[in-house]
């Protein structure tokens, strides 16, 4: 593995010269997670916030699968099939959460005629 | 060697598509375009699942997310996005704040990844061999959900091993009941409200118009 000054300054770039391992999947999961968090904070549309949550859950799922992958993180530290089970439960919970959140968004829209989350200030003290 | 090369190619393809479209979800202003970018990103993540050897999970991701949740989201967009409200703009200051937050969060996460993930050199060299000997994990996943955790075939013939870890039967039941309760609750929340008679008049324009005509006369 080459380790120049450039790679020392940016350790994440060092991954590009290595074969695919769990760290690569973790980088993709981190990017998805960050995009989801930024989408949750930036979007004013309630459905946009919901899409940000889906992105966050997908980033977490990618981490679970990468840690449990038999070919990637083999050895005693692998999660094995447990990673896939947990990711499956996360997918089911995300589907349930999306259903409830969309029902709430529809209810909100019926009452306020908008899905702008900044307009939901009925509970302000 | 060839297998690992194609693995690399497809990994970077899928990872690029997933990250690029996730960024497009953040940057897009239109809700419908955001939904499309989200579909593409989730499908690319499903491809990454296939690459990581989780075939059943990749298929489940395609079916549940791309087939189910995104249809639900599209219906939500269609039912709520009306008029100019479909693209609600965010102020410039908030974009700067969000970029700062996202950049710092990404820096922290990448630092952690580099420290935790470690190089995949030795593991990835055995990737091809693992993929050749690897059987589909669907049966083991289903057995685990029923509470039976199958042992690796190599250890089954050995001397009596310690009892295997319990499966996920209880979690499976809890998740099932949770899903049922959630669906009933969502249907209850999103039901058509019982309307009072004066709002019933607003809801039927021809009736209201005829009533107005009769009162005018």
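Here A:32, A:15 are screened, and the one residue that is at pLDDT below 70, touching a helix residue (DSSP H, G or I) at 6+ places or on another chain (Cβ under 8 Å) and at the interface with chain B (Cβ under 8 Å from one of its Cβ atoms) is A:15.
Report yes if some residue within the range A:38-46 is at pLDDT 90 or above, assigned to a helix (DSSP H, G or I), within 22 Å of residue B:16 (Cα to Cα) and within 8 Å of another protein chain (Cβ to nearest Cβ); otherwise report no. Checking the range A:38-46: at least one residue is at pLDDT 90 or above, assigned to a helix (DSSP H, G or I), within 22 Å of residue B:16 (Cα to Cα) and within 8 Å of another protein chain (Cβ to nearest Cβ). Within the range B:80-87, does at least one residue satisfy the condition of being facing chain A (nearest Cβ under 7 Å), part of a helix (DSSP H, G or I) and modelled with pLDDT under 65? The answer is yes; a qualifying residue exists. Against the list (1) more than 11 Å from the chain's Cα centre (by Cα); (2) within 9 Å of chain A (Cβ to nearest Cβ); (3) buried (at least 19 other Cβ atoms within 10 Å of the Cβ), the condition residue B:47 fails is (2).
Checked against the criterion of being buried (at least 21 other Cβ atoms within 10 Å of the Cβ), more than 13 Å from the chain's Cα centre (by Cα) and either closer than 25 Å to residue B:4 by Cα or modelled with pLDDT of 85 or more (or both), the range A:50-63 contains not a single residue that satisfies it. Within the range B:11-20, the residues that satisfy the criterion of being in contact with a helix residue (DSSP H, G or I) (Cβ under 6 Å, 6 or more places away or on another chain) and either at pLDDT below 90 or facing chain A (nearest Cβ under 9 Å) (or both) are B:11, B:14, B:15, B:18, B:19.
The values are calculated or read from the model by the stated rules, or taken from the named source; none is laboratory data. Everything numeric in this text was worked out from a predicted model, so none of it was measured. All Cβ positions, even for glycine, are placed from backbone atoms using ideal geometry, and neighbour counts span all protein chains on display.
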